[in-house]
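The structure under discussion appears below in the form of structure tokens.
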Amino acid sequence: MRFSAWSQKTKGRAAAWQRPGLFLLAGAGLLLLGMLTGFYLFFPAEVLRQRVIQEVETRTGAEIQIGQMTLYPLLTLDASQISFGVTGLPQPMQIEQLSLAPQWSTLLSSDPGVQLQAQLMSGLVNAKVLRTGMINAVATGLRFDLPLQKPMAMNITGNLDQTTVNAAIHLDPETKTQLSLQLSDVSISNLAFFKEDSPGIALGEIVLEVNGQGRAMKINALTAKGGDFNISGEGTLFIGRTSATSRVNLSLHIKTTDSADPTLVSLLELSAPPDANGDHHLRVSGTLATPTIGPVK
């Protein structure tokens with residue numbers, strides 16, 4: 001009897017404690033919700049936009065412009081009309097829409113990250129970026145039009161159909177890189193030695209597979225087909241701080257098609273005469289700033 005009475009008294013005290021405890025938890029939750037709601041509703045978007053621009057320019061050295069920026073509940077950040085210019089790019093990158101959100105599964109780990117989705121170049125990029133700088137990204141349906149001045153003046157256009165990248169922002173010796181690239185309808189125009197009415201060089205479909213560690217990259221496969229040339233190749237690439245300190249060593253096997261420009265075919269024959277099967281064997285070596293092209297010896 002005494003035990004039963006003590007048990008009932010204990011349960012009563014526990015229930016009496018749980019009721020105000022639940023009220024306290026509910027009150028704390030409502031308070032937190034109210035604070036977050038107030039934060040999102042009244043946080044000055046212009047102040048946030050300027051702060052983001054300042055942080056990006058300070059950390060990357062890039063020039064960035066942002067048209068509009070909005071912060072939503074659950075820490076989702078949306079921005080539009082972004083111009084991102086970096087030294088080395090032929091022109092600023094234009095991003096129509098960008099969305100950033102925490103990668104919730106990593107928030108309690110030692111390496112939290114963010115999820116990114118961007119609409120640019122008529123396509124879509126989805127990426128996950130960790131605090132340590134690791135990147136996992138997939139890009140689909142991008143249309144590019146790149147005017148270049150080095151190593152020679154030209155314009156490259158095409159479609160980036162599918163790309164998968166596993167890499168790091170900082171190429172430390174222990175970091176690994178994997179790149180898979182699929183392009184279509186690639187062409188090169190506005191080369192100085194072509195006539196003004198020349199259609200340029202059609203490269204068709206291009207596939208590139210790269211693995212690397214640190215700054216040393218191995219080009220496992222490079223193929224181009226469906227254009228003026230059928231190309232296959234492999235080699236190595238060292239990524240330096242600049243194009244002048246980056247080095248390439250690439251072996252290419254090239255076979256011309258009937259659509260190839262006669263001027264370019266003549267130049268190719270001078271650089272590397274065809275073998276008995278009509279294949280040209282070329283080596284591209286030296287720095288990316290001033291590469292040299294010659295026959296494979």
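Counting alpha carbon pairs within less than 8 Å and at least 6 residues apart, what relative contact order, in whole percent, applies to segment 133-295? Relative contact order here is 15 percent.
Distance between the 7 Å Cα→Cβ label points at MET93 and THR223: 2.8 nm. Charge tally around GLY235: other residues with Cβ under 11 Å, Lys/Arg +1 each, Asp/Glu -1 each, net +2. For the pair ASN249 and VAL265, the difference between a 0.36 nm per residue extended length and the Cα-Cα distance amounts to 3.5 nm. What aspartates and glutamates could a cross-link reach from LYS218, if we take a straight Cα to Cα line under 14 Å and drop same-chain neighbours fewer than 8 places away? Within reach: GLU209, GLU234.
With Rh defined as the Kirkwood radius, the inverse of the mean 1/r over Cα pairs, the Rg/Rh of segment 133-295 is 0.97. Tell me, what is the FRET efficiency for TYR72 and ASN190 to the nearest 0.05, using R0 = 35 angstrom and their Cβ-Cβ distance as r? Efficiency computed from Cβ-Cβ geometry: 0.20.
Approximating the spin labels as points 7 Å out from Cα along Cα→Cβ, the ARG131-to-GLN65 distance works out to 3.5 nm. Rounded to whole numbers, the Karplus 3J(HN,Hα) couplings from phi for segment 271-286 are 6, 8, x, x, 7, 4, 8, x, 8, 9, 10, 10, 10, 9, 9, x Hz, using 6.51 cos²θ - 1.76 cosθ + 1.60 with θ = phi - 60°, and x at Gly and Pro.
Quick one: net charge around GLY113, please, counting Lys, Arg +1 and Asp, Glu -1 for every other residue with C-beta under 10 Å from its C-beta.
Here the count lands on +1.
SER184 sits among other residues whose Cβ lies under 10 Å from its own Cβ, and their net charge, with Lys and Arg +1 and Asp and Glu -1, is -3.
Here, each number is a calculation from the coordinates, and none is a lab measurement. Fair warning: this is a prediction, and the values are worked out from it, not measured in the lab. Note that each Cβ is placed from the backbone with ideal geometry, even for glycine, and that neighbours are counted across all protein chains shown.
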